[in-house]
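Comments concern the structure below.
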Amino acid sequence: MTDYVDMWNEQNYDAIPDLVAESFVMYDPAAPEEGVPGPAGEVHGRDGLEAFMHGVAAGFPDFDVTILDMVSSDDLVMYEAAITMTHEGEFDGIPPTGREVKVREMSKYRVADGVIHEHRAYFDQQAIFEQLGLTDD
């Protein structure tokens, strides 16, 4: 799983075919409705993952995931992570705020044949909006 996290942290798009299945699905509330294969909140396939990663990197060039704790079995991996990022570019139509975000995340992965088939990300999206200054106090 650390290879997948490294892929995100290093923006290593070339690693996608080695790490995720063609039928890969990611469930992430930050996945936009436009520009990424799949409905809002979902990312479908390798091309979808690459498009989503490009969008995240454009909005948050310093996006970083640090794994804090991880458990795994044969086909299931779960971890808690700290995510840090600075909103320096447009993301999902939101102009850059220049603000730094720190949030905890839990992720669950289904793995088979040495590749990830499903990724479910759980985090407090409201906390992100608040840190970006996008909510009323």
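Read-outs: derived from the displayed coordinates by stated rules, not from any lab. The structure presented is a predicted model; accordingly, all values stated were derived computationally and were not measured. Glycine gets a Cβ as well: all are built from the backbone with ideal geometry, and neighbour counts include every protein chain shown.
Given the residues Tyr27, Tyr4, which is the only one that is among the hydroxyl-bearing types (Ser, Thr, Tyr) and surrounded by fewer than 17 Cβ atoms within 10 Å (Cβ to Cβ)?
On the way: Tyr4 fails: surrounded by fewer than 17 Cβ atoms within 10 Å (Cβ to Cβ).
Answer to the check: Tyr27.
Which of the following residues is over 11 Å from the mean Cα position of the chain (by Cα), free of Cβ contacts under 8 Å to residues at least 60 places away in the same chain, surrounded by fewer than 17 Cβ atoms within 10 Å (Cβ to Cβ) and more than 23 Å from Asp92 (Cβ to Cβ): Pro39, Pro17? First the steps, then the outcome.
Values: Pro39 fails: more than 23 Å from Asp92 (Cβ to Cβ).
Testing whether each residue is over 11 Å from the mean Cα position of the chain (by Cα), free of Cβ contacts under 8 Å to residues at least 60 places away in the same chain, surrounded by fewer than 17 Cβ atoms within 10 Å (Cβ to Cβ) and more than 23 Å from Asp92 (Cβ to Cβ) leaves just Pro17.
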Candidate set: region 79-102, residues that are surrounded by fewer than 16 Cβ atoms within 10 Å (Cβ to Cβ) and among the aliphatic types (A, V, I, L, M); chosen: the one nearest to the chain's Cα centre (by Cα): Ala82
Where a residue in region 118-129 is more than 15 Å from Glu42 (Cα to Cα) and its partner, wherever it lies, is of a type in the set (Ser, Thr, Tyr) and outside any strand (DSSP E or B), with Cβ under 6 Å and at least six apart: Phe129/Thr135
Flag if Gly45 is buried (at least 19 other Cβ atoms within 10 Å of the Cβ), over 28 Å from Thr135 (Cα atoms) and without any contact (Cβ under 8 Å) to a residue 60 or more places away in the chain: yes
